[in-house]
Amino acid sequence: PGKPQALFSLPAPRWPVECEVIHETIEHIEWVPPKPEPFCPPMGPEQAPDTLSEEQGTIVYHSRPVLQGSCFTCARVGGAPGPLSSPAAPLKSPQDTTLLFESRFESGNLQKVIKVGPYEYVLTLRPDLYTAKHTQWFYFRVQNTRREPLYRFTIANMAKPKSLYGQGLQPLLYSQQDAQSHGIGWRRVGTDVHYYRGRAGEPPAFRLSWTVRFPHDGDTCFFAACYPYTYSDLQRYLRALVADPARSRYCAVQALCRSLAGNTVYLLTITGPGSMAGKRVVVASARVHPGESGSSWAMRGFLDFLLSTHADAQLLRRLFVFKVVPMLNPDGVVVGNSRCSLAGRDPNRAYGTALPGSFPGVWHLRAMVQRVLAEREVVLYCDFHGHSRKNNVFMYGCDAGGDGAGTRLRQRVFPLMLSKNAPDKFSFASCKFQVQKSKEGTGRVSMWRLGVSHSYTLEVAFSGSTLGGRSSHFSVEDLESLGRLVCDTLLDFCDPAPAKLQQCLAEADALLRQQMGHEPGSGGSWSDVSPSELESSTSGSDSSMSDG
């Protein structure tokens, strides 16, 4: 930071050559609803809508699938060469009310649509490329809307048995007319939202169904699982950052590596001017799972605060060197995957065994942390994620159980402090600290094994908060505020005055005693109890079934 940087180019995203890409640029305005958007009343599985007869329906959209069993070979700007196919069925007349679907744009995901009624559609999502699974993220466009009718959309191949859609989460809608005329952006919509088991068979498929009225006739609208944040969005953010003479004084933007498709994995180094002697390091990353777009908005809030003129931001830059990888899996983000990279595997299970040629992002991040650890202390690693099955924000840490009680308590201090700074968003009760064998390949456990004593996954619900009197969806503003709150908590955590640390250690100890059924002051100990006994054995992470 502080050295002149070359003019920041903005290369267009590179796509696998099997992927068709439309030529339009898709951009959305940013907007925060004037008041929180409440969860909708949850519908139980017993109230699931009647099974729709897809066999009698008409296919109105079918994009060319990438063959299962194939693997990534090469990429180019613009994806598949040659003229585009027409996956949407053409309208028969001006009176034809059939919706026109499209998803062949950055982060889009929709494979097939069957019209089963005048205003009723069954949708199939595209699995992560070069796999047959991981269907969760959706993002698609509809045109030729009508304002009066009640439409029903049913996604027929969701992968997970449980979802926040069963607890009040609603899909997002964006109306181009509302954006242009009224400055309104993404908003929560949908009544009669159901999440239920669909057809029998293996693997089982689950259905997400909702009804909605469009705001205008003849509008162009988009639906999404969470606020989209594309690779091009990140590039625009970084270009503005590099062009800003004030912020670029203490932020250097470099290439950590190139992805399999040749997209740049960016590394930001943020620190104040002056001597680097004695500065400790904080490492943060996001978007290893491309379908967890909320993590990018939280990361943007983190960067915005760190690069601001706020006194706390200046202090953080004076104390620390920040190494930040804001998008670890750009290829997955570009093609609209939910979980995998173009290797067809989950990169957040590959840290222990990753080869640079197969998982370049995670391999180079781990190698960078190893180099840093040879010279400095890494005081914190935080990997930003999204969660589809639990409300609120929470963390996973690393307590292997073999350490002394003091070390095990300290693992819980940062999340406990964050819960005090964000009482209406962050749930300490939802945090888990087990190091499960199946999670050895994650960034969190891998960095901890390298010697980063405080290594965490930050999980941000796709839905919103049930804390502090709230029962409402997160807005973009909520997500960005989390980044700032992580910065606030870092200052508390590293405060040279010991009062806050001692208070949180005592509180964490009391909570663990309570968990074990010991009365405060009874002398009962938890320190020889394993982490798995301290916590319920329910699956913590948002991983789907093991992908081998």
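The values are calculated or read from the model by the stated rules, or taken from the named source; none is laboratory data. Since the structure is predicted, the reported quantities are computational estimates derived from the model, not experimental observations. Virtual Cβ from ideal backbone geometry, glycine too; neighbours counted across all protein chains shown. Remember, those area values only see protein heavy atoms, side chains included, never the ligands or the DNA or RNA. Shrake-Rupley method; radii C 1.70, N 1.55, O 1.52, S 1.80 Å.
Could you please give the count of residues in region 399-425 that are more than 15 Å from Ala508 (Cβ to Cβ) and either in contact (Cβ under 8 Å) with a residue 12 or more places away in the chain or within 19 Å of the chain's Cα centre (by Cα) (or both)?
Going through region 399-425 one residue at a time, the tally reaches 7.
I'd like to verify a number: residues in region 493-505 that are free of Cβ contacts under 8 Å to residues at least 40 places away in the same chain, open to solvent by less than 60 Å² (accessible area, probe 1.4 Å) and among the aliphatic types (A, V, I, L, M), how many?
Qualifying residue count for the region: 1.
Look through region 329-344, keep the residues that are of a type in the set (A, V, I, L, M) and open to solvent by less than 10 Å² (accessible area, probe 1.4 Å), and return whichever of them is farthest from Thr25 (Cα to Cα).
Here the answer is Leu342.
Of the residues in region 181-212, how many are open to solvent by 30 Å² or more (accessible area, probe 1.4 Å) and either in a loop (DSSP other than H, G, I, E, B) or under 18 Å from Pro33 (Cβ atoms) (or both)?
12
Assuming Val324 fulfils every condition listed in (1) of a type in the set (A, V, I, L, M); (2) open to solvent by less than 10 Å² (accessible area, probe 1.4 Å); (3) modelled with pLDDT under 95 apart from one, which condition is it?
Val324 satisfies all of (1) of a type in the set (A, V, I, L, M); (2) open to solvent by less than 10 Å² (accessible area, probe 1.4 Å); (3) modelled with pLDDT under 95 except (3).
Answer with yes or no whether Arg408 is buried (at least 20 other Cβ atoms within 10 Å of the Cβ) and in a helix (DSSP H, G or I).
Against the criterion (buried (at least 20 other Cβ atoms within 10 Å of the Cβ) and in a helix (DSSP H, G or I)), Arg408 qualifies.
Examine region 229-245 for a residue that is in a loop (DSSP other than H, G, I, E, B), under 27 Å from Gly357 (Cα atoms) and of a type in the set (Phe, Trp, Tyr), and state whether such a residue exists.
Yes; the residues of region 229-245 include at least one that is in a loop (DSSP other than H, G, I, E, B), under 27 Å from Gly357 (Cα atoms) and of a type in the set (Phe, Trp, Tyr).
If Val445 passes every condition in (1) touching a helix residue (DSSP H, G or I) at 6+ places or on another chain (Cβ under 7 Å); (2) touching a residue at least 60 places away in the same chain (Cβ under 8 Å); (3) assigned to a loop (DSSP other than H, G, I, E, B) but one, which one does it miss?
(3)
Which residue pairs have Cβ atoms closer than 6 Å, lie 6 or more positions apart in sequence or on different chains, and pair a first residue in region 222-247 that is closer than 30 Å to Pro273 by Cβ with a second residue that is of a type in the set (A, V, I, L, M, F, W, C) and assigned to a strand (DSSP E or B)?
Leu238/Val253; Val242/Val253
If we keep just the residues of region 147-162 that are in a loop (DSSP other than H, G, I, E, B) and out of contact with any Asp or Glu (no Cβ under 6 Å at 6 or more places or on another chain), which is surrounded by the fewest Cβ atoms within 10 Å (Cβ to Cβ)?
Among those that are in a loop (DSSP other than H, G, I, E, B) and out of contact with any Asp or Glu (no Cβ under 6 Å at 6 or more places or on another chain), it is Glu148.
I'd like the full set of residues that are in a strand (DSSP E or B) and either under 23 Å from Asp478 (Cβ atoms) or of a type in the set (Lys, Arg) (or both), limited to region 213-228.
Phe222, Phe223, Ala224, listed by residue number.
In region 269-302, which residues are assigned to a helix (DSSP H, G or I) and surrounded by 24 or more Cβ atoms within 10 Å (Cβ to Cβ)?
Across region 269-302, the qualifying residues are Gly294, Ser295, Ser296, Trp297, Ala298, Met299, Phe302.
Filter region 384-411 down to the residues that are modelled with pLDDT under 95 and touching a Gly at 6+ places or on another chain (Cβ under 8 Å), then identify the one that is farthest from Val460 (Cα to Cα).
The selected residue is Arg408.
Given the residues Gly469, Gly443, Gly451, Gly483, which is the only one that is within 23 Å of Arg300 (Cβ to Cβ) and either in contact with a Ser or Thr (Cβ under 7 Å, 6 or more places away or on another chain) or open to solvent by 10 Å² or more (accessible area, probe 1.4 Å) (or both)?
Result: Gly443 is the single residue among Gly469, Gly443, Gly451, Gly483 that is within 23 Å of Arg300 (Cβ to Cβ) and either in contact with a Ser or Thr (Cβ under 7 Å, 6 or more places away or on another chain) or open to solvent by 10 Å² or more (accessible area, probe 1.4 Å) (or both).
Within region 345-377, work out how many residues are touching a Cys at 6+ places or on another chain (Cβ under 7 Å) and open to solvent by less than 20 Å² (accessible area, probe 1.4 Å).
3
In region 114-147, how many residues are in contact with a Gly (Cβ under 9 Å, 6 or more places away or on another chain) and closer than 21 Å to Pro90 by Cβ?
The total comes to 13.
If we keep just the residues of region 163-180 that are at pLDDT 95 or above and open to solvent by 30 Å² or more (accessible area, probe 1.4 Å), which is farthest from Ala205 (Cα to Cα)?
My answer is Gln180.
Within the set of pairs 6+ apart or on separate chains, which have a first residue in region 351-368 that is within 16 Å of Lys439 (Cα to Cα), a second that is open to solvent by 30 Å² or more (accessible area, probe 1.4 Å) and of a type in the set (Asp, Glu), and C-beta atoms under 6 Å apart?
Gly352/Glu440
Arg317 - would you say it is of a type outside the set (Asp, Glu), open to solvent by 20 Å² or more (accessible area, probe 1.4 Å) and in contact (Cβ under 8 Å) with a residue 60 or more places away in the chain?
no
Do we have any residue at all in region 120-133 that's under 27 Å from the mean Cα position of the chain (by Cα), more than 15 Å from Ile59 (Cα to Cα), buried (at least 22 other Cβ atoms within 10 Å of the Cβ) and among the polar types (S, T, N, Q)?
For region 120-133, residues under 27 Å from the mean Cα position of the chain (by Cα), more than 15 Å from Ile59 (Cα to Cα), buried (at least 22 other Cβ atoms within 10 Å of the Cβ) and among the polar types (S, T, N, Q): absent.
Ser308 is checked against (1) in contact (Cβ under 8 Å) with a residue 12 or more places away in the chain; (2) open to solvent by 10 Å² or more (accessible area, probe 1.4 Å) and fails just one. What number does that condition carry?
All conditions pass for Ser308, except number (1).
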